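Enquirer: One structure coming up, written as structure tokens, with questions to follow.
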2 protein chains.
Amino acid sequence: MVRHSATQPGEELDSRKATILEAVVSEYVDTAQPVGSSSVAATADLDVSPATVRSEMVTLEREGYLAQPHTSAGRVPTDKGYRYFVDHLRAGTIGPVQQQQIREFFTNVRGEVQEVLEQTSNLLTRLTSYTSVVVGGGHTHATVLSVQLVNLDARHQLLVTVFSDGTVLKHNVRSTFAATHVDVAEASRQLNALLIGTSLDSRVQVPSRHDHVATLVREAVAELHAQAPTFDGEQVFIGGSSKVAESFDGVETVRQVLAILEQELLVVTLVEDILDQGLSVAIGSEHGYEPLASCALIVAPISVDGEPAGAVGLLGPTRMKYREAMAAARVVSEHLTRHLSGEDERD
Amino acid sequence: MVRHSATQPGEELDSRKATILEAVVSEYVDTAQPVGSSSVAATADLDVSPATVRSEMVTLEREGYLAQPHTSAGRVPTDKGYRYFVDHLRAGTIGPVQQQQIREFFTNVRGEVQEVLEQTSNLLTRLTSYTSVVVGGGHTHATVLSVQLVNLDARHQLLVTVFSDGTVLKHNVRSTFAATHVDVAEASRQLNALLIGTSLDSRVQVPSRHDHVATLVREAVAELHAQAPTFDGEQVFIGGSSKVAESFDGVETVRQVLAILEQELLVVTLVEDILDQGLSVAIGSEHGYEPLASCALIVAPISVDGEPAGAVGLLGPTRMKYREAMAAARVVSEHLTRHLSGEDERD
DNA sequence: ACTTGGCACTCGGTAGAATCGAGTGCCAAC
DNA sequence: GTTGGCACTCGATTCTACCGAGTGCCAAGT
């Protein structure tokens, strides 16, 4: 995977070139039309003629910041151009209306973590009109608060485990013999003694006896720990997939992007890759994933009690409103972090 | 809401008209092009000339089964045309490969109901290339097997309830006073005595005393029952939303359909409306929901132990492959019903 | 009373030509 | 280094002509 100018300093543009680049990006984001020298000269308040702008543009094009769809069309930013723009973006703020919307949301939202994350995803979409991705993950460090084995019928038991972070996991256990209620109750008691305080990734000393109860206990523990790797708790919530149809024009592109969003594992990997690189935006093919070449993905990490616990993301076309979107992602991720850490329970 | 020919007998077409209609539908579904008299005459093995077919077509058009996009184009089926086609479809079968695929799926699938439903949704999409909808619902009749109140901290408890159908519900309880572990344990015991065997919609006699434990119990019961209406257990799983982009050509249509799929409540209502009407397919505007006028929705009910428990559905363009899709929905719903009723546990 | 071949007619789709105009690159002058 | 001027490019738009699939109608055939 390639390193980007966000991490390597990269060249700086002189002030005028920077202004021009910024003007091009801004206008292109608005209009989706190649932008010409004259409109740049008019917009940006650098008192120069279109001709001057043109000559600067050739330079910018030669250096890879701009591109021409064809001769005699205006310029369009390249991924590198967007990258420069983003890297030199003075941190945006979000409107007071949205501020209010977010604050309201977080004071009202209730319920389980999952639901909060799902709702947050919808919030982000409403705020920005882009498809949003919320990844919640990594409960592995949570410890067991309580375990209970429940008899469904003689051969089926249900193992319900409550963790310190409020997560509840359930597992089906199938006993190889007909278990009595007494067996189950005893197994349940032993499991409690065994598991409380442990976390999913810690080893547990299971009884090696061969009686019914011990077998049940072993099966239950095995079942619980079997899921540890999958569990790692990665969950994805995607909001506003219909926005994809607004953001891209080719039906084929829309199909591709949607197909990608369906592969949740892929999305998680993608988001975490970007986080690992310390980026907050991946533009075009920066993430090295070809089918998303026409997309930009903004991410902002969330954490719970200081531990990384996922991220929120926004997926849009490369020509997206970076300032607003990044601000929204940042603010929401901060609120979410606080909320999940239990800091703003003011009701 | 309108009644349809599926429930009211409606007129019958004479054999030749029926053959012609069927030919038109079949070819249009394949090609998406208006179909002309000559190709019908060639395809269907009714030994008549195109001219005859044409004169029949005018009748069919007058009666509302066919339409002409414009003079001098071929004919296209109307919703009514599709309806007739579907109502007179000899029940289709599905290919042996798919049979195999389904059988394999259901012997291998494991885990919680939710996951099974979600996976089933994906299966249906893979089988048919249409967007699939799986609605699971109505656990209200399930009874409580076990309850447990767990102390998160002095003011936060977690109520975990296990139902006879294997569902596990959790609720946050906030105590208005600092609860000790002893309080919580005692409350937990009382809750068990109180709730086991009841269902979510049954009334429960809560203790009226004013001590800590009684208060906790009351709060827990209130919290649990508060969710009964929302809970009713309606869950929706949607698979293959990217197929929407394949099924419809206008980007705007794609957007609309996606936007609808995002509103889960709407989807549930829609599916249940159709089921209530005793239909297995809603074509075009039959469901009375305008934005989906260009869609057809195939549904097949699922049940658990004889009780209705949701449905599987397939969403496609009105020109969809009804035979295959209906067969797939039917077969999968049957398998799912058997699976959820615990009948095919052959591992 | 149907069925059929014949035939004029319709009208969307496609191809080509003409035109427009936004925007460029270059250059000579400032 | 900047600027106005200017010829040039090339996609987009419009217009026209035309093709042909498919129709509706009719008169003749069974």
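The values are calculated or read from the model by the stated rules, or taken from the named source; none is laboratory data. Keep in mind that this is a model prediction, so the values were computed, not measured. Cβ sites come from the backbone with ideal geometry, for glycine too, and all protein chains shown count toward neighbours. Each accessible area value is taken on the protein alone, full model and side chains, heavy atoms only, with ligands, DNA and RNA left out. Shrake-Rupley method; radii C 1.70, N 1.55, O 1.52, S 1.80 Å.
Enquirer: On a C-alpha basis, how far is the centre of the range A:148-184 from the centre of the range A:293-337 in Å? Whole number, if you could?
Expert: 39 Å
Enquirer: With a probe of 1.4 Å, find how much accessible area the range A:144-229 has per residue, and write the answer as a whole number in Å².
Expert: Working: 3860 Å² over 86 residues.
Per residue, the range A:144-229 has an accessible area of 45 Å².
Enquirer: Can you work out the FRET efficiency for the pair B:ASP87 and B:ASP249, with r the C-beta to C-beta distance and R0 = 35 Å, to the nearest 0.05?
Expert: Numbers: r = 27 Å, r/R0 = 0.78.
Efficiency, from the Cβ-Cβ distance: 0.80.
Enquirer: Can you list the residues of the range A:251-284 that have at least 40 square angstrom less accessible area with all protein chains present than in their chain by itself, probe 1.4 Å?
Expert: Those are A:VAL251, A:ARG255, A:LEU258, A:GLU262, which lose 40 Å² or more relative to the chain on its own.
Enquirer: Something else about it: Describe numerically, in nm with one decimal, the distance between label points set 7 Å from Cα along Cα→Cβ at A:SER49 and at B:GLU115.
Expert: Going by the 7 Å Cα→Cβ label model, 7.2 nm.
Enquirer: Let me ask something else. Mind listing the label-point distances from A:GLY288 to the same position on all other copies, shortest first, one decimal in nm, points 7 Å along Cα→Cβ?
Expert: Reported distances to equivalent positions: 5.5 nm.
Enquirer: Total accessible area buried between chains A and B, 1.4 Å probe, in Å² to the nearest 100? Kindly include the intermediate steps, with their values, before the conclusion.
Expert: On the way: alone 17370 and 17330 Å², together 31620 Å².
The contact between B and A buries close to 3100 Å².
Enquirer: Taking all protein chains in place and a 1.4 Å probe, what share, in percent, of the accessible surface of the protein assembly as shown do carbon and sulfur account for? Don't skip to the answer; put the middle values down first.
Expert: On the way: 15900 of 31620 Å².
About 50 percent, which is the carbon plus sulfur part of the accessible surface.
Enquirer: Send over a whole-number figure in Å² for the accessible area per residue of the range B:251-331, probe 1.4 Å.
Expert: Numbers: 3000 Å² over 81 residues.
In whole numbers, the range B:251-331 has 37 Å² accessible per residue.
Enquirer: Please work out the Kirkwood hydrodynamic radius for the protein assembly as shown, using every pair of different C-alpha atoms, and report it in angstroms with one decimal place. Please report the intermediate quantities before stating the final value.
Expert: Working: mean 1/r = 0.0345 Å⁻¹.
Answer for the protein assembly as shown: a Kirkwood hydrodynamic radius of 29.0 Å.
Enquirer: Also, I was wondering about something else. Given axes a ≥ b ≥ c from the Cα gyration tensor, I'd like to know whether chain B is rounded (a/c under 1.5), prolate (a/b larger than b/c) or oblate.
Expert: On the way: a/c = 3.17, a/b = 2.72, b/c = 1.16.
Prolate.
Enquirer: Provide Rg over Rh for the range A:144-229; use the alpha carbon set for both Rg and the Kirkwood Rh (inverse mean inverse pair distance). Could the numbers behind the result be given before it?
Expert: Working: Rg = 11.8 Å, Rh = 12.7 Å.
Taking Rg over the Kirkwood Rh, I get 0.93.
Enquirer: Something else: Give the lysines whose C-alpha is closer than 30 Å to that of A:LYS243, dropping any in the same chain fewer than 8 places away, or say none.
Expert: Excluding near neighbours in sequence, the set is A:LYS80, A:LYS321, B:LYS243, B:LYS321.
Enquirer: Only counting protein heavy atoms at a 1.4 Å probe, give the residues of the range B:163-181, ordered by number, whose accessible area falls by 20 Å² or more when the other protein chains are present relative to the chain alone.
Expert: B:GLY166, B:VAL168, B:LYS170, B:ASN172, B:ARG174
Enquirer: Accessible area per residue, 1.4 Å probe, Å², for the range B:56-116: what's the number? Before the final figure, lay out each step's value.
Expert: Working: 3270 Å² over 61 residues.
Spelled out: the 1.4 Å probe surface of the range B:56-116, per residue, equals 54 Å².
Enquirer: For a test of the definition: using alpha carbon positions, the gyration tensor, and the 1.5 limit on a/c, classify the range B:15-87 as rounded, prolate or oblate. If you can, show how the numbers build up before the last one.
Expert: Working: a/c = 1.26, a/b = 1.15, b/c = 1.10.
Taking the square roots of the gyration eigenvalues as a ≥ b ≥ c, the range B:15-87 is rounded.
Enquirer: Another one. So, in nm, how far is label A:ALA226 from label A:SER208 when the simple model puts each one 7 Å beyond its Cα toward the Cβ?
Expert: 2.3 nm
Enquirer: Taking a point 7 Å out from Cα toward Cβ as the label site, list the nm distances between B:ALA193 and the same residue in every other copy, smallest first.
Expert: When each copy's label point is compared with this one, the spacings are 2.6 nm.
Enquirer: If you don't mind, another one. I need the inter-copy label distances for B:ALA18: point set 7 Å along Cα to C-beta, values in nm with one decimal, smallest first.
Expert: For B:ALA18, the inter-copy label distances come out at 7.8 nm.
Enquirer: What do you get for Rg/Rh over the range B:110-161 if you use C-alpha atoms and the Kirkwood form of Rh? If you can, show how the numbers build up before the last one.
Expert: Details: Rg = 17.4 Å, Rh = 14.2 Å.
In the range B:110-161, Rg relative to Rh is 1.22.
Enquirer: Related question: Given the options B:VAL76, B:VAL251, B:VAL25, which has the most mean-square fluctuation in a GNM of chain B, springs set between C-alpha atoms less than 10 angstrom apart?
Expert: Sorting by GNM fluctuation, first place goes to B:VAL251.
Enquirer: Quick check: from the Cα gyration tensor, does the range B:259-331 come out rounded (a/c under 1.5), prolate or oblate? Mind showing how you got there, number by number?
Expert: Working: a/c = 1.88, a/b = 1.25, b/c = 1.51.
Oblate is the answer for the range B:259-331, as a/c is 1.5 or above yet b/c matches or exceeds a/b.
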